[in-house]
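Peer 1: Dumping the structure here so I can ask a few things about it.
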Amino acid sequence: MKQCRRVLAALAGVSVLAASLSGCGANGGDNRRIIRVGHNQATDHPTNIALMAFEEYIESKLGDKYNVEVYPSELLGSQTDMVQLTQTGAIDFCVASNSILETFSENYTLFNMPYLFASAKAYHASMDDPEVVDPIFESTTQAGFQAVTWIDAGTRNFYTVATPIESPADLKGLKIRVQQSPTNVQMMDLLGGSATPMGFGEVYTALQSKVIDGAENNEMALTSNGHGDVCKYYSYDMHQMIPDILIGNCSFLNDLPQDEREIFEEGFKLVNTVEREEWVKAVEAAKDKAANEQGVTFLYPDTKPFQDICLPMHETILKQYPDLAPVYEKIQAYNGQYPSEAE
Ligand code: GCU
């Protein structure tokens, strides 16, 4: 694995980093074009495993021309920083949560709606349907980047240091970290907690130092990010299924010759399939570790009171962004086909 921690750990600011990356053409006599891919997960996370498969695949096909380097663990900065680096072409690809992308294109608001998908099957079918994702994925080309595939990030649920969340009333007065997106802040406000937006990398320290009382995420955050060492209650209210998105710099993608572009497209598909296979195993292992080694209690509250509070957001968002309505309707058709009982 050639994940270049050393280059980056020493670099403090993103502007310094951008300047340094773009100036980094010479590669010790190696004339291959370096392709930099950044993300914020640990090396054992399904996202990293999938990107390593991408690296291997691209280099197996085009290794004389390209040298793919995967930078995990926020080595290239926060997701917002990495999206900006991808926009300018300082790096070529990064993985960003759909939540973060909402601040770059309002179309991404759609997949951040709470209780949008009735089941994991409806979520997967929607995200696999080009008619659903293409209008969203292509909406940032003016801004210099586009989505090339999606990555499963499971279901987001509340977890807290000390308060079991059995109903929305239990969130009252609690400071809960949310991702930096207007939709997430609005959702938290409606549910009665105090929304505290911050980057993913800051959450562990904020929990430990009691700056926040809890957060919301999939099960991997408990183990891979150690949040389960501090938070002892994880409550399956199932409020969101927010995908992660692999985005690429448009100039890089558009400049690829057709035959190479086809190879990259295969590579993007591979990221999706490998990650989804790994995800199922990783979540099972995370639940086991959280319950048996970290002492986390898993709770299964009635999700209806949470849903009743959040569902009016759908109408508000669709009124604000009427162009999203046709895609929203397609998702509703999948919800009809794969209702929650089907799980
Ligand atoms: C998940 C998701 C990340 C995101 C993180 C967060 O881990 O996969 O992309 O950054 O949640 O809550 O910020």
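Peer 1: Would you mind stating whether residue 205 is over 18 Å from the mean Cα position of the chain (by Cα), at negative phi and not assigned by TED's automatic domain parsing to the domain that holds residue 276? Let's see the steps before the verdict.
Peer 2: Numbers: over 18 Å from the mean Cα position of the chain (by Cα): yes; at negative phi: yes; not assigned by TED's automatic domain parsing to the domain that holds residue 276: yes.
Against the criterion (over 18 Å from the mean Cα position of the chain (by Cα), at negative phi and not assigned by TED's automatic domain parsing to the domain that holds residue 276), residue 205 qualifies.
Peer 1: Quick check on region 77-88. Is at least one of its residues at positive phi and either open to solvent by 10 Å² or more (accessible area, probe 1.4 Å) or in contact with a His (Cβ under 6 Å, 6 or more places away or on another chain) (or both)?
Peer 2: yes
For (1) within 16 Å of the ligand (Cβ to nearest atom); (2) of a type in the set (Asp, Glu); (3) at pLDDT below 95, each residue gets a yes or a no:
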residue	(1), (2), (3)
18	no, no, yes
74	yes, yes, no
78	yes, no, no
101	yes, no, no
125	no, no, no
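Peer 1: Working only within region 117-135, note down all residues that are buried (at least 23 other Cβ atoms within 10 Å of the Cβ) and assigned to a loop (DSSP other than H, G, I, E, B).
Peer 2: Correct list: 117 only.
Peer 1: I'd like the full set of residues that are in contact with a strand residue (DSSP E or B) (Cβ under 6 Å, 6 or more places away or on another chain) and surrounded by 14 or more Cβ atoms within 10 Å (Cβ to Cβ), limited to region 256-300.
Peer 2: Passing the criteria: 268, 271, 272, 275, 296, 298, 299.
Peer 1: Is there any pair linking a residue in region 27-49 that is surrounded by fewer than 23 Cβ atoms within 10 Å (Cβ to Cβ) and at pLDDT below 95 to one that is not β-branched (Val, Ile, Thr) and not in a loop (DSSP other than H, G, I, E, B), with Cβ under 8 Å and at least six apart or on different chains, and which?
Peer 2: Hits for this filter: 27/67; 30/67.
Peer 1: OK, next. Here's a check for you: in region 212-233, which residue that is away from the ligand (no atom under 13 Å from the Cβ) and closer than 22 Å to residue 189 by Cβ is least open to solvent (accessible area, probe 1.4 Å)?
Peer 2: By that ranking, first place goes to 231.
Peer 1: Now for a different question. Consider region 317-335. How many of its residues are without any contact (Cβ under 8 Å) to a residue 12 or more places away in the chain and open to solvent by less than 70 Å² (accessible area, probe 1.4 Å)?
Peer 2: 4
The values are calculated or read from the model by the stated rules, or taken from the named source; none is laboratory data. Quick caveat, the model's predicted, so the values are computed rather than measured. FYI the Cβ positions are ideal-geometry reconstructions off the backbone, even for glycines, and counts take in every protein chain you see. Keep in mind that these areas ignore ligands, DNA and RNA; they rest on the heavy atoms of the full protein, side chains included. Shrake-Rupley method; radii C 1.70, N 1.55, O 1.52, S 1.80 Å.
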